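Asks: Provided herewith is a single structure, encoded as structure tokens, for subsequent inquiry.
The values are calculated or read from the model by the stated rules, or taken from the named source; none is laboratory data. This one's a predicted model, so the numbers in the text were calculated from it and none came from an experiment. Glycine also receives a Cβ, built like all others from the backbone with ideal geometry; neighbour counts cover every protein chain displayed.
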Amino acid sequence: MYSLFFPFCPLAWSGKRLLKHPESSRTGIIYSVSMLILNKTARVFSTPSKRKICEFLRSFHFHPGKRLFHKLVLGIETSCDDTAAAVVDETGNVLGEAIHSQTEVHLKTGGIIPPVAQQLHRENIQRIVQEALSASKVSPSELSAVATTIKPGLALSLGVGLSFSLQLVNQLKKPFIPIHHMEAHALTIRLTNKVEFPFLVLLISGGHCLLALVRGVSDFLLLGKSLDIAPGDMLDKVARRLSLIKHPECSTMSGGKAIEHLAKQGNKLHFDFKPPMQRAKNCDFSFSGLQHVIDRIIMQKEKEEGIEKGQILSSAADIAAAVQHTTACHIAKRTHRAILFCKQRDLLCQSNAVLVVSGGVASNLYIRKALEIVTNATQCTLLCPPPKLCTDNGIMIAWNGIERLRAGLGILHDTEGIRYEPKCPLGVDISKEVGEAAIKVPRLNMKI
Ligand code: KG4
Ligand code: ZN
């Protein structure tokens with residue numbers, strides 16, 4: 001039996017030592033070929049030691065019968081600062097996942113430096129893919145397809161995931177499914193909840209801010225977006241300006257999470273920041289004006305308290321509470337208008353419409369509560385994926401691959417000419433039409 005391994009097994013070639021594999025010879029061959037391919041693919045990025053591969057092989061056990069009729073997708077995400085991978089089956093079972101977050105490194109440098117992010121993706125992608133596969137007990141040859149984020153995102157980061165994936169699919173002779181990062185965020189809810197199309201989605205993260213109607217797996221209407229920066233970006237900048245990294249309770253948190261944490265200790269009424277774009281009756285957003293107002297307030301407070309830039313203000317918690325409240329009100333108002341627009345045009349169910357909120361900022365419970373006030377007032381159901389699935393992850397990419405496989409959409413058997421796209425809009429942009437409708441939003445009592 002073991003002689004069958006011999007021609008394929010990288011260990012047999014290199015170390016002249018055969019591993020006693022726990023499973024049948026067929027599975028063993030599949031496994032060995034697959035690992036050779038994964039190993040060969042990874043070599044372009046870094047050369048894993050033979051010892052590491054040996055350890056990995058030993059920890060591998062198969063249950064091939066269980067998965068015989070299931071579609072299995074490996075999802076790979078590298079669009080920003082997380083290297084993530086997951087294996088998901090067609091029923092939405094997450095068989096294995098792994099993630100390497102670069103947050104700590106970028107917190108130290110005061111923001112993401114693309115070449116640094118690229119280098120960290122390169123150093124981690126092979127390990128992360130191996131960990132996800134290993135946890136899932138799926139060999140690469142058993143996969144139905146590989147799905148990878150190719151748009152939008154940081155060019156250097158997207159490039160690492162794409163070239164790793166292309167080598168993998170070309171050697172495995174598997175289909176490739178290119179994924180739009182924001183579509184993946186939007187569809188994640190269908191993995192955790194039974195949600196039918198159409199539904200409204202609000203995506204709020206560090207790089208994106210948009211409201212869209214999801215009519216199908218690749219059928220989106222863009223209702224509004226941020227005209228400048230995303231809310232997560234603004235919260236990150238405010239947190240940095242407040243030097244929250246030096247705060248003992250917040251030093252390892254992302255900017256947004258640090259603001260949420262500190263806001264609980266502050267009084268939002270100590271500062272009165274006006275919500276942005278109050279006169280524009282559309283569903284667009286803006287956060288950079290608010291950020292500049294807060295910058296000025298911080299400067300003024302530093303003068304008053306006689307402290308240097310870089311030290312923590314005594315009013316930091318009050319500022320955090322006020323910025324979080326203003327952000328929540330702004331997001332809630334634009335979302336309220338989007339719901340009213342969709343209902344007015346019969347784009348959403350009148351009585352049982354669903355609003356999905358996702359992206360890193362969606363894990364903010366204060367913002368969720370503000371949105372709950374809106375959905376209660378409009379008889380909608382508010383759904384959020386669990387916090388772990390709101391931020392970037394490999395599961396959402398694998399799941400989008402499953403959705404596309406099931407719908408028969410965007411499955412490539414030839415990857416010739418496939419490129420990553422750092423900028424890529426989501427769906428058909430009808431934001432101008434939304435603005436022309438000029439829907440007046442009734443005032444709600446935002447007691448959060
Ligand atoms: O979706 P994500 O992981 O990455 C992209 O931007 O695509 O989102 C990260 C963003 C960061 O700006 C981070 O500060 C923000 O989400 N964030 C939060 C919270 N947790 C993460 N913002 C507000 N409240 C939070 N609890
Ligand atoms: Zn994201």
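Asks: Collect the residues in region 219-245 that are assigned to a strand (DSSP E or B) and within 16 Å of ligand 2 (Cβ to nearest atom), keeping them in residue-number order.
Replies: Phe220, Lys225, Ser226
Asks: Of all residues being among the small types (Gly, Ala, Ser) and in contact (Cβ under 8 Å) with a residue 40 or more places away in the chain in region 290-315, which is surrounded by the fewest Cβ atoms within 10 Å (Cβ to Cβ)? Just the residue, please.
Replies: Result: Gly310.
Asks: Something else now. Name every residue in region 181-208 that is away from ligand 2 (no atom under 11 Å from the Cβ) and either part of a strand (DSSP E or B) or at pLDDT below 95 (or both), in order of residue number.
Replies: Phe199, Leu200, Val201, Leu202
Asks: Would you point out which residue out of Thr109, Thr103, Thr149 is closer than 29 Å to Lys257 by Cβ, polar (S, T, N, Q) and more than 14 Å from the chain's Cα centre (by Cα)?
Replies: Thr109
To keep it simple, each residue is scored yes or no on (1) at pLDDT 95 or above; (2) under 21 Å from Glu403 (Cβ atoms); (3) surrounded by 23 or more Cβ atoms within 10 Å (Cβ to Cβ).
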{"position": "Cys80", "(1), (2), (3)": "no, no, yes"}
{"position": "Ala84", "(1), (2), (3)": "yes, yes, yes"}
{"position": "Glu97", "(1), (2), (3)": "yes, yes, no"}
{"position": "Ile128", "(1), (2), (3)": "yes, no, yes"}
{"position": "Val138", "(1), (2), (3)": "no, yes, yes"}
{"position": "Ser144", "(1), (2), (3)": "yes, yes, no"}
{"position": "Phe164", "(1), (2), (3)": "yes, no, yes"}
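Asks: State whether the residues of region 152-171 include one that is assigned to a loop (DSSP other than H, G, I, E, B), away from ligand 1 (no atom under 16 Å from the Cβ) and not assigned by TED's automatic domain parsing to the domain that holds Arg215. Talk me through it step by step, then tell me what you get.
Replies: Going residue by residue through region 152-171, those that are assigned to a loop (DSSP other than H, G, I, E, B) are 152-154.
The next check asks that each one be away from ligand 1 (no atom under 16 Å from the Cβ); those that pass are none.
No, that holds for no residue.
Asks: Filter region 316-374 down to residues that are among the hydroxyl-bearing types (Ser, Thr, Tyr) and within 16 Å of ligand 2 (Cβ to nearest atom) and give me whichever is surrounded by the fewest Cβ atoms within 10 Å (Cβ to Cβ).
Replies: Ser363
Asks: Since Leu412 meets every condition but one in (1) in the same structural domain as Gln171 (by TED's automatic domain parsing); (2) more than 16 Å from ligand 2 (Cβ to nearest atom), which condition does it not meet?
Replies: Going through the list (1) in the same structural domain as Gln171 (by TED's automatic domain parsing); (2) more than 16 Å from ligand 2 (Cβ to nearest atom), Leu412 breaks only (1).
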